[in-house]
1. Taking only protein heavy atoms and a 1.4 Å probe, what accessible area per residue, in Å², does segment 98-198 have with all protein chains in place?
2. What residues from segment 106-143 fall in the zone where the backbone N is under 11 Å from a label point 7 Å along the Cα-to-C-beta line of Y193?
3. So which lysines can K76 reach, going by Cα to Cα under 18 Å and dropping same-chain residues fewer than 8 places off?
4. Given a 1.4 Å probe and heavy atoms of the protein chains only, how would you sort L166, L138, largest accessible area at the top?
5. If the only charges are +1 at each Lys and Arg Cβ and -1 at each Asp and Glu Cβ, what is the size of the charge dipole of segment 147-210 around the Cα centre, to the nearest 20 debye?
6. Any chance you could look up the accessible area of K77 with a 1.4 Å probe, heavy atoms only, rounded to 10 Å²?
7. Provide the gained length on full extension for the span K76 to V140, in nm with one decimal, where the gain is 0.36 nm per separating residue minus the Cα-Cα distance.
8. Counting other C-beta atoms within 10 Å, and keeping those with at most 16, which DSSP coil trypsin sites (Lys or Arg not before Pro) do you find in segment 128-221?
Amino acid sequence: MRIMRATVALIILAVLAWGGIELGRRLDGRWQAPGDWWGAHATESHYGEEVREWSAFYDLPFPYLMALIQLESGGKKPAGKRFEKHVFEKLQELQEEQRMTFENLTPSHLDGASQEAIRNLATSWGPFQLMGYKCILLGVQIRDIRGQDAIRSGVDWINQTYGDRLREGQYRDAFHLHNTGKPYPKEGPPSTYHPDYVERGLRFMEEYAEAESFRDSTDAL
């Protein structure tokens, strides 16, 4: 009988805990899918302190960088990778001089590169899921955008490519630029890999900003 009562009590406690989590997801009338809720916790746990450091160093908005990590990698550590076949084909064309430029690259950048090296350049890495070839602009190795230096390198790349837009508050353009290389279209739908990528990013930003404001207020007590 005691075992049965203890079991029932544990079940009730579990239900109450689950209910509290669900209530948290619905604050202000907004629904967060479980993946989003856990993604936010993982992003803060794995990357929060580093992002605070480098966002301050480069004068970039902390909530944007956190939202971007959650969008791109779900806050996982290690973040994983994603091979992009269409980028691989373009880099092959560049190496073979079938095209003379690809973003900031020229054929000379790929002179002597093996197929495996080009494959790595055509793969996205790290918490920001930067394409491997972005390391050429930064003057670093792929290991720097996927390893222990991934946050600093990623924030550096963001600062160099569209940091001014962020400092001007052009967040919709910034999310679209990161995912597609182009600002948010003035007409028509976005061209991001997922149609609500930008809207989710803006929502995540708002949530990180609220959480950071609460954190600052409690630290001040």
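1. Ligands and nucleic acids excluded, the figure is 51 Å² per residue.
2. It comes to 123-125, 129-131, nothing else.
3. The reachable lysines, counting only those whose Cα sits under 18 Å from K76, number zero.
4. L138, L166
5. 180
6. Looks like 120 Å² after rounding.
7. Stretched out fully, the K76 to V140 stretch lengthens by 20.8 nm.
8. For trypsin sites (Lys or Arg not before Pro) across segment 128-221 that sit outside H, G, I, E and B with at most 16 neighbouring Cβ atoms in 10 Å, the list reads K186.
The values are calculated or read from the model by the stated rules, or taken from the named source; none is laboratory data. All values reported here derive from a predicted model rather than from experimental measurement. Every residue, glycine among them, receives a Cβ derived from its backbone with ideal geometry; neighbour counts consider all protein chains shown. In case anyone asks, the SASA skips ligands and DNA or RNA and just uses the protein heavy atoms, side chains included. Shrake-Rupley method; radii C 1.70, N 1.55, O 1.52, S 1.80 Å.
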